[in-house]
Every structure is written in C-alpha cells, then in structure tokens.
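Here the structure is laid out as structure tokens; the discussion comes afterwards.
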C-alpha cells in the first residue's frame, strides 16, 4: 500500500515537472516579445533579458496602433469583419450536417463521413493555386466575402467531425419523447439539441475564431489592397524602412495575440466542457 502511494506521488511529481518545463519553453519566447514591447529600442538592442537599464514605456503600443503605414487599429477591425462571419457560418452549417450524420441513417452515410474526415488532411499549400483561380473567376479576390467563403469551407469539415462526435454522446431518449409529442426534426434540433450542445458549439466557435484570426496564409493569397489588409498581414509591415523597430513590431504582435487570448479566457468554461464531452465518446 505504501509503495503504491509512493509510486502515485512520484508520477504526479514527474507530471508536474514535465508540465512546468513545457510551459516554461512556451513562455520564454512570449516573455521576450512582451519585454521588447514595453522597452525603448536602445534597450532592446542590448538584449531584452538585460535589466541593468530598464525604462518601461507604452509608446510602442501607441506607435503600432497608429502606425502611419500599417495601423494595427484598422487591421483589427478588418480581421473582425472576416473572423466573426467566418466563425458563425461554418459552425452553424457543420452543426446541422453533424446532427444529420449522428441521428439519421441514409445510403452512403459512412463513406461520406470518411470523405469529410479525409478533407481535413489536405494542406492549404496544396490547394492554394486552384483556390486562387476559382476565387478569381468568381470575382472574389481582394474581397472579404471571398476570404470568408474560403475560411468557412475550410472550417466545415473539422467542425462537422467535432460536432458529430459530440451529438452521439447526447441521450436520444429526449428526442424520442419530443417526437412522441409531435415535434418536428427541425424543432427538436433548434429547441432541444442546440441548447444541449452549447458547450460543443462554443468550443468549435472558439477554435474556428482563433484559427481565422491567426491566419496569414489565406489572407496573403486573397487580400492585397493596403486598406483591406488584416491584422496579421500588417504586423510584418511594422518593421520600418531603414531599420527594424523591434519595440513597435513586438507591440503589434502582442495586440494581435491579445484578441484570441481574451476570447479563450471568456469562453474557457464552455470550451473545456465541450472538449471533455467530445473526447468522452
């Protein structure tokens, strides 16, 4: 008995130490960016880890927010114009389709679901050229509608897979009782299933929003007008012309990173519940 308790305690210590080391490895680069964002360029050039001279300042954030060539303030607004609809559309469509895969039997259901899962394995680089050609023929290049369409199409397969697995964990007895009372399939879905699946919907929405907000590759392909550039596209433009202003560049990066962090913090409770329900299947 004592040996079992000792082994369990030892495993916990190893787990905590490993988790602490992983967290430290992830935090050190972020700490460097943050320290560079609140220090003048003269101190940054000597090394952000040196504190023999430490003069905190928020001028870098003001400079990044109101940058003359690529203001992050405009980029944040542009990113919201894309991220919000590119989150709502795929999560809503995927939820309806996932409920169909989870509850209804039809010919080719399993094969079609495998095809949906297979679409998740395609790298974006593989479809970049045909995607651009298709968007160009549709007249959707350099428009937010085109980028929203691409993000939505890219997000539906994984969101469908995620939501379908969650729906299979919900008790079917509630739906059967509603059908006995005369409720239609649509009414059951919107009034019973959707409220029950709110944690999973929130989890999918958080992941999709963070993905769309942080995306650089698709935006780089489809958006090129200076006034339409998203926040992630504007960060590299903060470097300067004749020298790299690391303070402004770091401040712009922190501002852009803050949005998905805030979204995750606000939705964390639903996110964890949705993920736990999904993996429990």
Report task. Looking for whichever is touching a residue at least 60 places away in the same chain (Cβ under 8 Å) and in the same structural domain as residue 96 (by TED's automatic domain parsing) here; the options are 198, 220. Which one fits? Result -> 198
Query raised in the report: Do the conditions hold for residue 219, that is, is it over 26 Å from residue 253 (Cβ atoms) and either at pLDDT below 90 or under 17 Å from the mean Cα position of the chain (by Cα) (or both)?
Result: no
Requested in this report: Scan region 223-232 and give yes if some residue there is farther than 16 Å from residue 80 by Cα, in contact (Cβ under 8 Å) with a residue 60 or more places away in the chain and touching a helix residue (DSSP H, G or I) at 6+ places or on another chain (Cβ under 8 Å), otherwise no.
Outcome: no
**Report entry** Answer from 215, 245 - the residue that is closer than 15 Å to residue 80 by Cβ and in the same structural domain as residue 267 (by TED's automatic domain parsing)
**Finding:** 215
Requested in this report: Tell me which residues, restricted to region 112-146, are farther than 26 Å from residue 227 by Cα and not in a helix (DSSP H, G or I).
Outcome: 120, 121, 122, 123
Report task. Considering every residue within region 88-101, establish whether at least one is closer than 30 Å to residue 198 by Cα, free of Cβ contacts under 8 Å to residues at least 60 places away in the same chain and either over 23 Å from the mean Cα position of the chain (by Cα) or not assigned by TED's automatic domain parsing to the domain that holds residue 231 (or both). Result -> yes
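The values are calculated or read from the model by the stated rules, or taken from the named source; none is laboratory data. All values reported here derive from a predicted model rather than from experimental measurement. Using ideal geometry, Cβ is built from the backbone for each residue, glycine included, and neighbour counts are taken over all protein chains shown.
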